[in-house]
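Computed from the coordinates by the stated procedures, all read-outs in this text should not be read as laboratory data. Keep in mind that what you see is a predicted model, and the values were worked out from it rather than measured. Quick reminder, even Gly has a Cβ in these numbers, built from the backbone with ideal geometry, and neighbours come from all protein chains shown.
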Amino acid sequence: MINSNAFFKNVEKNIEKLKYTQKDNIIEAAKILTDRLLDDGVVHIFGTGHSKCFAMEMCNRAGGLVPMHRITLDDLALKGIIKGVDLKDPTLERRTDVAYKLWNLYKIQKNDAFIIVSNSGRNGSIVEFASIVKERKMPLIVVTSLKHTESVDSRHPSGKKLYQYGDVVIDNCGPKGDALIPLEGIDIKACSVSSITGGFIAQALTAEIIKGYLDKNINPPILISFNVDGADEHNQKLLKKYEGRI
């Protein structure tokens, strides 16, 4: 039976699995990212489709860290590289050339690091972008569904998938196809989970990175909600350091 109780029950199982199987990977990933941030680097976060939610969870978010930069296909349209209508094309994320166009949009430095997020880990844009990151010998954290990605073919000419490029791979513990709850009498499932477990991973990484700052007696650059009085001055002071990079 599908209802809200069934959904809560299934999500809770996924979160518990995430907690007990991925904690070490999250801590390891956070250490890599912290080292780059303490070296004045920026963490660039890229995802397409609903994986964009992961970057939104970590970038420009109250309680989050300042030097986090969201990479999105939307920027190609905002910069006039593609037409706005092209963003509605579901095959856009499958194109390898998109990766180079994105890379050239941003001020990426050698001391930066990357998080790339994809439930399937199969599409051309994210796999190609990951290959660029590794060609430049920069750290890459991958967030994906291992059950999903291991059950599908790559859409990249190399035949590789995203997880094969990761220095650390964090499994979002979601099922193939993302949806959780089977429907009686219908060969289909409903209610997706990757955005939920992705949010947990994003905030867990944030917490571990902040711990890394505090362990070194360094004040972490944390944003205050812009809807809190006095936040503008605090935030603008922090943002100025990374102007043009985030």
Response to the item:
dims of the range 35-93, Cα set, principal axes, largest to smallest, nearest Å -> 39, 20, 18
Worksheet item: Can you run phi through the Karplus equation (6.51, -1.76, 1.60; θ = phi - 60°) for the range 111-122 and list ³J(HN,Hα) in whole Hz, with x for Gly and Pro?
Response: 8, 7, 9, 9, 10, 10, 10, 7, 4, 8, x, 10
Response to the item:
Non-local residues with an amide H under 5 Å from the amide H of S154, with H modelled 1.01 Å from N and Pro and chain starts lacking one, are none
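How large is the helix-only mean residue ellipticity at 222 nm for the chain, computed as the sum of -39500 (n - 2.57) over DSSP H runs with n ≥ 4, divided by its residue count, in deg cm²/dmol to the nearest 500? Display every interim value, and only then the final one.
Working: 8 runs with 102 residues, N = 246.
One gets -13000 deg cm²/dmol as the mean residue ellipticity at 222 nm.
Where in the chain are the DSSP H helices whose alpha-carbon span along the long axis reaches 20 Å or more and whose Kyte-Doolittle mean is at least 0.5? Can you show the working numbers first?
Numbers: long enough: 4-38 (43 Å, -0.51); 194-215 (31 Å, 0.63).
Answer set is 194-215.
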Worksheet item: Going out from 0 in 5 Å bins, what whole percent of all Cα-Cα distances in the range 67-159 drops into each bin?
Response: 3, 12, 23, 25, 20, 13, 4, 0
Worksheet item: How far is the Cα center of the range 131-205 from the Cα center of the range 1-63, in Å?
Response: 11 Å
Worksheet, complete the sentence: Mean-square fluctuation maximum in Gaussian network of the chain, Cα pairs under 10 Å, restricted to N60, N227, N123, hits N227
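In nm, what is the difference between 0.36 nm times the number of residues separating I27 and L239 and their Cα-Cα distance? Don't skip to the end; give the middle numbers.
Details: separation 212, 0.36 × 212 = 76.32 nm, distance 2.59 nm.
73.7 nm is the gain from fully extending I27 to L239.
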Discussion item. Pick from V66, V133, V169 the residue whose mean-square fluctuation is largest in a GNM of the chain, springs joining Cα atoms under 10 Å.
Written reply: V133
Practice prompt. Once you've got the GNM for the chain with C-alpha springs shorter than 10 Å, pick whichever of I126, I15, I115 has the biggest mean-square fluctuation.
Written response: I15
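Taking the Cα centre of the range 4-240 as the origin, how large is its charge dipole in debye, to the nearest 20, when only Lys and Arg (+1) and Asp and Glu (-1) carry charge on their Cβ atoms?
Values: 32 positive and 29 negative charges, 78 e Å.
Result for the range 4-240 is approximately 380 debye, rounded to the nearest 20.
Give, as a single signed number, the net charge of other residues whose beta carbon lies under 11 Å from the beta carbon of Q109, with Lys and Arg counted +1 and Asp and Glu -1.
Numbers: positive: R36, K107, K110, R136, R245; negative: D39, D40, D112.
Taking every other residue near Q109 into account, the sum is +2.
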Discussion item. Starting from the Kirkwood Rh over alpha-carbon pairs, what translational D in µm² s⁻¹ does the range 4-240 have by Stokes-Einstein at 20 °C and 1.002 mPa s?
Written reply: 115 µm²/s
